[in-house]
Structures are given as C-alpha cells and as structure tokens.
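One structure is given here, and the rest of the page talks about it.
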Amino acid sequence: MSSQPRLLPDELSQRRAVTPLSRRALLAGAGAALAASPGPARADALSTSAGLHDHALRSGRFYGAAIDQTILATNPTYMAHVPVECGVVVSEAAFKWGRLRPAPELFYFAPADALMRYAEQHALALRGHTLVWHEDNPPWLAERLTSAAAAERLLTTHIRTVVRHFRGHVFQWDVVNEVLWLPDRQPLGLRDTLWLRALGPRYIDLAFHLCAETDPGAMRFINEFGLDYSWPDQQRKRAAMLSLLADLRHRGVPVQGLGMQAHLEAGVHALDQKELAQFCADVAALGLNIVITEMDVRDNRLPAAIPVRDAGVAAEGRAFLEVVLESPALLGVVTWGLSDLRTWLDEAWPRTDGLPQRPLPLDREMRRKPLWEAMAATFDAALPLQK
Ligand code: XIL
C-alpha cells in the first residue's frame, strides 16, 4: 500500500490520453445507455469534443461533479454525460452518517457502493464526502455520545469501517466538514457540534489519524464553506482556517489539503481576487494542497432572464477560478452537481420567483452553458500543476 497520497490515480490521468476513436467508443457505449433510455435525448446529443476534465488535465488537474444517488439510479441520460465531462465523482449524500448508519450496529453501503461501481466502470476517481459533519447524522448518534470514551469508540469504529470499506477506491477523503463557525465563540473558532462537546477539539486530530492509519493512500482534506469573499465574516473565517491548519500541522495531525466548497453567488460583487490569491498562497505555504470541492454559483439574486443569469453565473465562476487556478497547490475542481437538473440550491436558497436556478456547467437538457465555456477557458489558461 503506497504511503504517498495519490494526487490523481494514474489510470485517470491517462484516461483522456486515449485516441479519439476509443473515446468515441466510450461515448458510443454511453450512447447505448441513452438509446435505451426514455425521453428526447439522443446518442449524438453527447458531445464528442473535450469535456471539462480534459481541459483540466491540460494543466495536470482534475474536474469532477457531485452525483445525487437518485439521479444515478434513475437518469441514464444525465449519467451518460458524467464520463464525458468528469474525471472525478463524489456522492451528495451516500457517504454521510445519515445514509451509512441507519442504526448503531448497521453500516448501509449500498448507495455508496453503487457510485463506487459506476466510477470504476467509467474509469472515474472517487472522492469520499464526509467522515465527520454536524449535519445529516442519524437520530441515534446524539443519544449514544454519552461520554468521551463512547464518542471515541463510535468515531473510531465509523472511520475505520468506512475507510477500510472504500480503501483503494476513494482517492481523497473530506475527513471533517464545516468545523468552523465563529459565531459559536468556541476555541479556534470551531463550530459547537456534538463531536466538539463530546471530545473537545481533539476530535479533528482523531479523525485524521484514523483515516491516515486506515488508508494511507487516500489524501485527507478538511472541507469548509465561506472562504471566498471579502465580506468581514469570511475574512475572519479565512484567518481562523489558517490558524487551525497551522495548529494541526504544528501538532503533526496528518491533514494534507483544504477543500474550499466555493458555493459562489452571482451578482454580489464581493470577490477580491488579491485577497483570495493571498489566502491560497498562505494555505500552500503550510505545505497543503487545495481542492475546490463543491463549486456552484447561486443566481437567486439575479433577474429571471436566462441569458442574464447565465452570464452572471459564468462571470462569477470565471473570476473565482482564474484566481485559484493560479495556485500551484490547486489539484482540481468539483462542482456540486453537473447539470441544473439537480442542484441542492433549489432546496437551500430557492429563488423568490420560484424559477429553478442555473448554477452548474450544464443546463437541464444537459447542454453546455456559458459557465461551462468559462470553466473550460480558465482550465486551458491555467499554469501546469507542479507535481
Ligand atoms: C447537501 C446535499 O447536496 C443535499 O442533497 C443534502 O440534503 C444536504 O447536503 N455543504 C456540504 C454538502 O458539505 O455535504 C452539502 O450537501 C451542501 C453544503
């Protein structure tokens, strides 16, 4: 078992080096799925031009998308586009406690295994999201966190069992998710969660050590939102993240990267590119990698007209990516969904006019949008990643 984390699985980074013919064969295979599926989509609706992952590979990076398990199970038209555009997939929910742990003694891997099998069938790399989060936990968990010893046993069993189950299949783990929340006024700006209350800040150390000892080959990330804009609360959160990362590194906690979720907002005009570039440089100076792990661009502040929304979303995405892709630490970009057909934003921040949002690279009919073009262009302009 390699102890060196895999920046990008070899089979993936070479996948796109295949000849166009075999790539067309790949698409034909996907087209067969299309042909078998209901609805208007046709095999030739699949683009045979380079996908976003091909553009990202030009600088040695990856592009991927989060997949909702219902889409995976019921929408072959959507899924036929995933291997065209992506080199990496991650599940929106199947790897979280809420799906994996329906009962204290039970691990329910079926939905997560379905994505793992899909990834293998299509030579896609798989991100694991997430081992520790304050949301989407089963009701029984809080009831069982009756002492530090009980909490340590629960966390240890969970991480060892899950990471072992996916060992050799998951190449990057979001070990802990959204651990900062400064309004909670906890030490280090940590979020007041059931894990912090049960174990104190060392729950983060424990999670990383458990992941490292169970699968040394998977790269380990701390994943966070709200690190993107020049608003004072996000400036404070970036400072808190740098302090936390420095503290973890200083104490030998095996964190290897920062996941910036990058849930962006079109029309806010609050992206200070110099500040963002400095933050990326400060993360890199700690010897850490960066992955953009959940990028989407909310358009709920923009007028209803689709051309206006698509232009605003593309401009925000470009302004953000042209900064982070300058960073030699930036390994790849994952959007939280591939097509507007499925976005969590319509649940989390719906538009007041009730229109479905357009935050992702493909529209609801799986057609490439201005955001797709902006992403492809910024990938093409990126400096090569230093291996
Ligand atoms: C979201 C999923 O997309 C939803 O389907 C689910 O209902 C809630 O969680 N930040 C994260 C992700 O780290 O895990 C969240 O995913 C979106 C915000």
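The values are calculated or read from the model by the stated rules, or taken from the named source; none is laboratory data. Bear in mind that the values here come from a model prediction, so they are computed numbers and not experimental data. Please note: Cβ atoms are built from the backbone with ideal geometry, for glycine as well, and neighbour counts cover all protein chains shown. Only protein heavy atoms, including side chains, enter the accessible area calculation; ligands, DNA and RNA are left aside. Shrake-Rupley method; radii C 1.70, N 1.55, O 1.52, S 1.80 Å.
Here are the numbers for the structure shown:
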{"item": "Whole-number Å³ per residue for the convex hull built on Cα positions in the range 219-345", "result": "100"}
{"item": "Computed label-point distance, nm, for sites L188 and E373 using a 7 Å Cα→Cβ extension", "result": "4.5"}
{"item": "Reachable aspartates and glutamates from K274, criterion Cα separation under 13 angstrom, eight or more residues apart if same chain", "result": "D228, D282, E322, E326"}
{"item": "The range 135-294, dipole about Cα centre (Lys/Arg Cβ +1, Asp/Glu Cβ -1), debye to the nearest 20", "result": "560"}
{"item": "Model label zone, R117; criterion: amide N under 14 Å from point 7 Å along Cα-to-beta-carbon; scope the range 66-93", "result": "72-74"}
{"item": "Using distinct alpha-carbon pairs, which all enter the 1/r mean, Kirkwood radius of the range 132-269 in Å", "result": "15.8"}
{"item": "Formal net charge of residues neighbouring A198 (Cβ-Cβ distance under 15 Å; K, R +1; D, E -1)", "result": "+1"}
{"item": "Kirkwood-based Rg to Rh ratio, the range 287-327, C-alpha trace", "result": "1.10"}
{"item": "Translational diffusion coefficient (Stokes-Einstein; Kirkwood radius from C-alpha pairs) of the chain at 4 °C, 1.567 mPa s, in µm²/s", "result": "61"}
{"item": "Computed E for D247/R197 - FRET, C-beta separation, R0 35 angstrom, nearest 0.05", "result": "0.95"}
{"item": "Dipole in debye (nearest 20) - the chain, about Cα centre, beta carbon charges: Lys, Arg +1; Asp, Glu -1", "result": "660"}
{"item": "Taking the C-alpha atoms of the range 225-295, convex hull volume expressed per residue in Å³", "result": "74"}
{"item": "Shape of the range 98-205, Cα gyration tensor, a/c cut at 1.5", "result": "prolate"}
{"item": "Where the chain is the region considered: accessible area per residue in Å², 1.4 Å probe", "result": "39"}
{"item": "Contour minus Cα-Cα distance for D346 and Q273 (0.36 nm per residue)", "result": "23.5 nm"}
{"item": "The range 49-90: C-alpha gyration tensor shape, a/c 1.5 cut-off, then a/b vs b/c", "result": "oblate"}
{"item": "GNM flexibility winner over the chain from S147, S91, S339 (Cα, springs under 10 Å)", "result": "S147"}
{"item": "Rounded percent of accessible protein surface that carbon and sulfur make up, the chain, 1.4 Å probe", "result": "55"}
{"item": "Zone residues, the range 272-302, relative to H134, backbone N less than 20 Å from point 7 Å out along Cα-to-Cβ", "result": "294"}
{"item": "Excluding exposed DSSP-loop GluC sites (Glu not before Pro) (at most 14 other C-beta within 10 Å), longest clean stretch of the chain", "result": "136-364"}
{"item": "Helix-only mean residue ellipticity at 222 nm for the chain, each DSSP H run of n ≥ 4 adding -39500 (n - 2.57), per residue, nearest 500", "result": "-13500 deg cm²/dmol"}
{"item": "Antiparallel DSSP beta bridges within the chain, as percent of all bridges there, nearest 5", "result": "5"}
